[in-house]
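The values are calculated or read from the model by the stated rules, or taken from the named source; none is laboratory data. Predicted model, so just to flag it, every value in this text is computed and none were measured. Quick reminder, even Gly has a Cβ in these numbers, built from the backbone with ideal geometry, and neighbours come from all protein chains shown.
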Amino acid sequence: MALFFKCLAGTLLAASSMMILSSCGSGTDTPDDSTITVDDIKNSDEGKSAKNVFYSIPSPVELANLVKKAGAVYDYKILNDPENHSKYSTSISQALNLGVYGTDLSMTTIFDRTQESMFYLKSARRLADKLGITGAFSDETVNRMDANRGHHDSLLGIITDSYFNTDEYLKENQRPNVSALIMAGGWIEGLYIGTQLAKTTKKNDEIIQRIADLKGSLENLMSLLEIYKGEEGIDAILADLASIRKVYDNMAVQKNTTNVNTDDKTKVTTIGGGDIYTFTKEQLEQVTKIASELRTRIVS
Amino acid sequence: MKRSFFSLMILIALALIPMGSAAQCKGFVKKTGMPKLVPFLSNGQVNSSQMRPGDNAELMLNFFSGQDYRIVVIGQPILGTVHFKVSDMTGNLLYNSKDHDDTDFWDFRVNNTQQLKVEVVVPAYSGDNQIIPTGCVTVMIGFKTEK
């Protein structure tokens, strides 16, 4: 019996030590170091190294920024109705539309439509609440947005923080598949907005090039979703994205060798070369049609 | 009885590790990583992992033409100096932090939109005791917006 309690005490001590050591970086006054001292862990993995692969998707703010830089004119009518949030009753539609609203919120903010931004922020918050994501879109977020009206950079920073906190919360709580769906929704909305604006903008060459430029991020998005293949909602989105990818894979490509140059005066480093993809008119129409159908299904 | 109880306690202890690790990365990214991105705006994604000596990680990402970017790669001090390389999809090396005094960030822009790969390497462990250090490593991407 004495041995039993010795074991119990020892085990609890080891467990609490590991907790303390591995959590010490989260405080503000403790060093950002940790150490695991369990020999079994070392022995089981000795000599092996692990490889983590991450796939980065452009943020809603980055997509909206690209649209603006391409010379597009703001059009509120093509965005999802912020009142639609009440329609989304499943966690899949809530996650996808949290992404959609993220892109719409970024668009309204990039184009300095603060009042509309507030509507989208509130809709995004409602969906985040339904998904049980706490802290990312709070009263404080809404108040900060309100207090920073007219401060373009501050508003974009608040939106980015909210989506960063969402991603962080979901990964911490072992729900990275939900985060991937949010990213998918945001990406699809970005493609939809781009293709719709290409139809209504007279000088649309740059917008069309930006749509073609999404090829790499589509591949990354699909690779990210593949990790969660078989989980709720993932396979259907993957199938839809595969039909878009089919068109992208047939684009003409001009291959160029990459190189790096740093300007002696400005100190700006530029990566030159790289592959340039271009759409035919028919391919752009195909992508526009698929994106429109897919987006309609998501927001309906 | 004793053995099964001991096993249960070990399982509980191991189950608690990821919770602590996630909290550890959270504090590290916010406290140390985010300030290094300024004046760039984060792309809003968390690319962090608990890593050990000899581990490596890859981040695949798309950079858009005409946009200014910053890549930040940092690891907790216990891991030593974490190195990173940036290459194109044919393997052509574009940047190696080892050749730049092991700086933890790189600012650049691209002429044409490109898919690039960031490879992060935690140096091998050179100690001779039984302790394996683990620590959080994070890769953050920032960009500048149009005003």
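Figures for the structure shown
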quantity: Qualifying position, being out of contact with any Leu (no Cβ under 7 Å at 6 or more places or on another chain) and either modelled with pLDDT under 95 or at positive phi (or both), among A:Thr257, A:Thr195; calculated: A:Thr257
quantity: Search result, residues across the range B:90-121 that are within 11 Å of chain A (Cβ to nearest Cβ) and part of a loop (DSSP other than H, G, I, E, B); calculated: B:Thr90, B:Gly91, B:Asn92, B:Asn111, B:Asn112, B:Thr113
quantity: Within the range A:171-189, considering residues that are in a helix (DSSP H, G or I) and within 9 Å of chain B (Cβ to nearest Cβ), the one surrounded by the most Cβ atoms within 10 Å (Cβ to Cβ); calculated: A:Met183
quantity: Within the range A:91-106, considering residues that are within 18 Å of A:His152 (Cα to Cα) and not small (Gly, Ala, Ser), the one surrounded by the fewest Cβ atoms within 10 Å (Cβ to Cβ); calculated: A:Thr103
quantity: Residue list for the range A:233-269, filter: part of a loop (DSSP other than H, G, I, E, B) and in contact with a helix residue (DSSP H, G or I) (Cβ under 7 Å, 6 or more places away or on another chain); calculated: A:Gly233, A:Asn250, A:Met251
quantity: Filter result for A:Ala252 (surrounded by fewer than 21 Cβ atoms within 10 Å (Cβ to Cβ), under 19 Å from the mean Cα position of the chain (by Cα) and not polar (S, T, N, Q)); calculated: no
quantity: Complete set of residues in the range A:130-167 that are facing chain B (nearest Cβ under 10 Å), over 11 Å from the mean Cα position of the chain (by Cα) and crowded, with 24+ Cβ neighbours inside 10 Å; calculated: A:Ile159, A:Ser162
quantity: Selection status of B:Ser87, more than 7 Å from every other protein chain (Cβ to nearest Cβ) and surrounded by 19 or more Cβ atoms within 10 Å (Cβ to Cβ); calculated: no
quantity: Residue identified as under 19 Å from A:Ile193 (Cβ atoms) and under 19 Å from the mean Cα position of the chain (by Cα) among A:Leu96, A:Leu170; calculated: A:Leu96
quantity: Unmet requirement for B:Val121, which otherwise passes all of (1) within 30 Å of A:Gln254 (Cα to Cα); (2) surrounded by 16 or more Cβ atoms within 10 Å (Cβ to Cβ); (3) of a type in the set (A, V, I, L, M); calculated: (1)
quantity: Failed condition for B:Asp128, given (1) in contact (Cβ under 8 Å) with a residue 40 or more places away in the chain; (2) out of contact with any helix residue (DSSP H, G or I) (no Cβ under 9 Å at 6 or more places or on another chain); calculated: (1)
quantity: Unmet requirement for A:Ala239, which otherwise passes all of (1) among the small types (Gly, Ala, Ser); (2) surrounded by 12 or more Cβ atoms within 10 Å (Cβ to Cβ); (3) at pLDDT 95 or above; calculated: (2)
quantity: Failed criterion for B:Leu59 (all others in (1) more than 7 Å from chain A (Cβ to nearest Cβ); (2) among the aliphatic types (A, V, I, L, M); (3) touching a residue at least 40 places away in the same chain (Cβ under 8 Å) hold); calculated: (1)
quantity: Residue list for the range A:211-233, restricted to those being under 15 Å from the mean Cα position of the chain (by Cα) and of a type outside the set (S, T, N, Q); calculated: A:Leu214, A:Gly216, A:Leu218, A:Glu219, A:Leu221, A:Met222, A:Leu224, A:Leu225
quantity: Single residue of B:Gly54, B:Gly66, B:Gly27 found to be in a loop (DSSP other than H, G, I, E, B), within 8 Å of chain A (Cβ to nearest Cβ) and either at pLDDT below 90 or within 22 Å of A:Thr160 (Cβ to Cβ) (or both); calculated: B:Gly66
quantity: Test: residue in the range B:1-21 that is at pLDDT below 90, within 7 Å of chain A (Cβ to nearest Cβ) and crowded, with 22+ Cβ neighbours inside 10 Å; calculated: yes
quantity: Filter result (farther than 24 Å from A:Glu219 by Cβ and outside any loop (DSSP other than H, G, I, E, B)) within the range B:39-51; calculated: B:Gln50, B:Met51
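Residue by residue, here is whether (1) over 15 Å from A:Ile298 (Cβ atoms); (2) of a type in the set (A, V, I, L, M); (3) in contact with a Gly (Cβ under 8 Å, 6 or more places away or on another chain); (4) not in a helix (DSSP H, G or I) holds:
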| residue | (1), (2), (3), (4) |
| --- | --- |
| A:Leu96 | no, yes, yes, no |
| A:Asp104 | no, no, no, no |
| A:Thr109 | yes, no, no, no |
| A:Gly132 | yes, no, no, yes |
| A:Asp146 | yes, no, no, no |
| A:Arg149 | yes, no, no, yes |
| A:Gly157 | yes, no, no, no |
| A:Glu168 | yes, no, no, no |
